[in-house]
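A.B. asks: The structure under discussion is supplied below as structure tokens; questions concerning it will follow.
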Ligand SMILES: Cc1cc2nc3c(=O)[nH]c(=O)nc-3n(C[C@H](O)[C@H](O)[C@H](O)COP(=O)(O)OP(=O)(O)OC[C@H]3O[C@@H](n4cnc5c(N)ncnc54)[C@H](O)[C@@H]3O)c2cc1C
């Protein structure tokens, strides 16, 4: 049994920690931000491979994660994960989406709100992130791992009193911890509104004014969003929030009059390609862009294999 330090307590770090603990490693998670303070806590979050590359690896990780989320939804009622049908609308009907092989029940939809040419209806894992991150963190601890707040100025050294291996799941922090200039933020803002009885999600991933999604959860609805390249601010903009709600109303008129409960901003850890590779005793696993939740279990499996 080896001793592994996982840096980062977002969805990637916690999922890797669970898989490594299940594989018999001793795991300590170190993170500047605890789970509910991370970008991961802001995610909407539906399973959808958005703004993450390369396509072949992303498809394999997304497919693997789809199946694991399906099992969690079926077996763990307190996990915040459920399988829910919804529709992605498109302004121009085209070929099957490139990720269609990962989804068992994808079908074309012709009846869509005005302004759209068609859509794809399918069942996707919907993950209520604050609950799910709590569930993952509890799993880490139940399996014998630890989670400690620590702001690191470099990745921990391995060997001679240190851990046997380090897994770098620092998200946007990898820009500095891994000295990787290709990591950059893609800021996303969402509005949380009261649950008005919605039971399906809606998505327009390539809207002319940015991505748009309406994701119902148990107690609220996440309405998004934006994707602003290179923006580091985590302060919500009231003007952006109004624009998000205006656009969402065109897609889901039932939201009219819904009470606004809160605003959130997160920095997607973007990179030309997800970095998942072993370099000596360090496994880097960051740069999941807009799909960290979607790719989490597939990536965690690969990380555990690299340290197996
Ligand atoms: C508005 C919005 C909506 C989204 N919707 C979806 C969605 O529907 N589906 C989906 O799959 N994805 C979605 N995403 C993307 C998803 O949130 C990210 O891909 C994912 O959260 C990345 O997870 P992570 O664990 O790599 O990073 P993070 O959650 O950012 O965690 C990084 C961890 O590393 C730690 N860290 C960093 N630097 C240091 C340091 N120096 N010392 C110690 N610790 C450090 C941090 O403190 C934190 O604990 C969305 C993102 C946003 C912003």
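A.B. asks: Beta carbons within 10 angstrom, averaged per residue: use that to sort the peptides 76-82, 27-33, 12-18, 140-146, highest first.
C.D. replies: Descending mean neighbour count gives 12-18, 27-33, 76-82, 140-146.
A.B. asks: Still on this structure, please answer the following. How big, in percent, is the set of alpha carbon pairs in region 1-145 lying more than 22 Å apart? Could the numbers behind the result be given before it?
C.D. replies: Values: 4961 of 10440 pairs.
Percentage above 22 Å: 48.
A.B. asks: Against the longest principal axis of the chain, how steep is helix 11-22, in degrees 0 to 90 to the nearest 10, with axes from Cα atoms?
C.D. replies: Once rounded, one gets 50 degrees.
A.B. asks: Using only helices, what value at 222 nm comes out for the chain when you add -39,500 (n - 2.57) per DSSP H run of length 4 or more and divide by the total residues, to the nearest 500 deg cm²/dmol? Walk me through the intermediate numbers first.
C.D. replies: Details: 6 runs with 80 residues, N = 308.
The per-residue figure over the chain is -8500 deg cm²/dmol.
A.B. asks: Which value in Å does the Kirkwood hydrodynamic radius of region 176-308 take, with 1/r averaged over all unlike C-alpha pairs and then inverted? Could you put the intermediate results ahead of the total?
C.D. replies: Values: mean 1/r = 0.0607 Å⁻¹.
Mean inverse Cα-Cα distance, inverted, gives 16.5 Å.
A.B. asks: Compute the orientation-averaged projected area for the chain from the convex hull of its Cα atoms and round it to one decimal in nm². Before the final figure, lay out the partial values.
C.D. replies: On the way: hull surface 60.4 nm².
So the mean shadow area of the Cα hull is 15.1 nm².
A.B. asks: So if each residue of separation counts as 0.36 nm, and I subtract the Cα-Cα distance between residue 261 and residue 96, what length gain in nm does that give? Mind dumping the intermediate values first?
C.D. replies: Details: separation 165, 0.36 × 165 = 59.40 nm, distance 3.66 nm.
Between residue 261 and residue 96, full extension yields 55.7 nm more.
A.B. asks: Report the calculated FRET efficiency for residue 151 and residue 182 (r = Cβ-Cβ distance, R0 = 30 Å), to the nearest 0.05.
C.D. replies: Numbers: r = 23 Å, r/R0 = 0.76.
My answer for the efficiency is 0.85.
A.B. asks: Given a Förster distance of 45 Å, report the FRET efficiency between residue 239 and residue 67 from their Cβ-Cβ distance, rounded to the nearest 0.05. Kindly include the intermediate steps, with their values, before the conclusion.
C.D. replies: Values: r = 41 Å, r/R0 = 0.91.
My answer for the efficiency is 0.65.
A.B. asks: If one takes the longest principal axis of the Cα atoms in the chain, at what angle in degrees, from 0 to 90 and to the nearest 10, does the Cα axis of helix 238-251 lie?
C.D. replies: 60
A.B. asks: Relative contact order of region 1-135, please, whole-number percent, based on alpha carbon pairs below 8 angstrom and at least 6 residues apart.
C.D. replies: Working: 211 pairs, mean separation 35.0, N = 135.
About 26 percent, as a whole number.
A.B. asks: Simple spin-label model, 7 Å along Cα-to-Cβ: residue 164 to residue 218 in nm?
C.D. replies: 3.8
A.B. asks: Helix 55-75 versus the longest principal axis of the chain: what angle, 0 to 90°, nearest 10, using Cα atoms?
C.D. replies: 90
A.B. asks: For the peptides 249-258, 299-308, what is the packing order when you average, over each peptide's residues, the other Cβ atoms within 10 Å and list the highest mean first? Please list the in-between numbers first.
C.D. replies: Working: 249-258: 15.1, 299-308: 20.4.
Peptide ranking by packing, descending: 299-308, 249-258.
A.B. asks: Report, in whole Å, the centroid distance computed from the Cα atoms of region 282-308 and region 93-149.
C.D. replies: 16
A.B. asks: At residue 138 and residue 306, where each label point lies 7 Å from the Cα along Cα→Cβ, what is the point-to-point distance in nanometres?
C.D. replies: If labels sit at residue 138 and residue 306, their model points lie 3.0 nm apart.
A.B. asks: Ranking request for peptides 172-184, 213-225: highest mean number of other beta-carbon atoms within 10 Å first, then the rest in descending order. Spell out each step's value before the answer.
C.D. replies: Numbers: 172-184: 17.7, 213-225: 22.0.
With the highest mean Cβ count within 10 Å placed first, the list reads 213-225, 172-184.
A.B. asks: Say R0 is 45 Å: what FRET efficiency, to the nearest 0.05, do residue 278 and residue 114 get from their beta-carbon distance? Each step should come with its number before you reach the end.
C.D. replies: Details: r = 51 Å, r/R0 = 1.12.
E(calc), rounded to 0.05, equals 0.35.
A.B. asks: Would you look at the GNM of the chain, springs on alpha carbons closer than 10 Å, and say which of 153, 288, 263 moves the most?
C.D. replies: 153
A.B. asks: Summarise the long-distance tail of P(r) for region 248-308 by giving the % of C-alpha pairs beyond 19 Å. Present the calculation step by step, with values, prior to reporting the outcome.
C.D. replies: Values: 967 of 1830 pairs.
Counting pairs separated by more than 19 Å, the tail of P(r) holds 53 percent.
A.B. asks: Calculate the spin-label point distance for residue 74 paired with residue 53, positioning each point 7 Å from the Cα along the beta-carbon direction, and give it in nanometres.
C.D. replies: Label at residue 53, label at residue 74, 3.6 nm between them.
A.B. asks: How long are the semi-axes of the ellipsoid equivalent to region 75-232, from square roots of 5 times the Cα gyration tensor eigenvalues, in whole Å, largest first?
C.D. replies: Working: eigenvalues 255, 90, 51 Å².
Ellipsoid half-lengths, sorted descending, are 36, 21, 16 Å.
No lab work stands behind these numbers, since they all come straight from the coordinates. Since the model is a prediction, treat every value here as computed from it, not as a measurement. Positions of Cβ are backbone-derived with ideal geometry, glycine not excepted, and every protein chain shown enters the neighbour counts.
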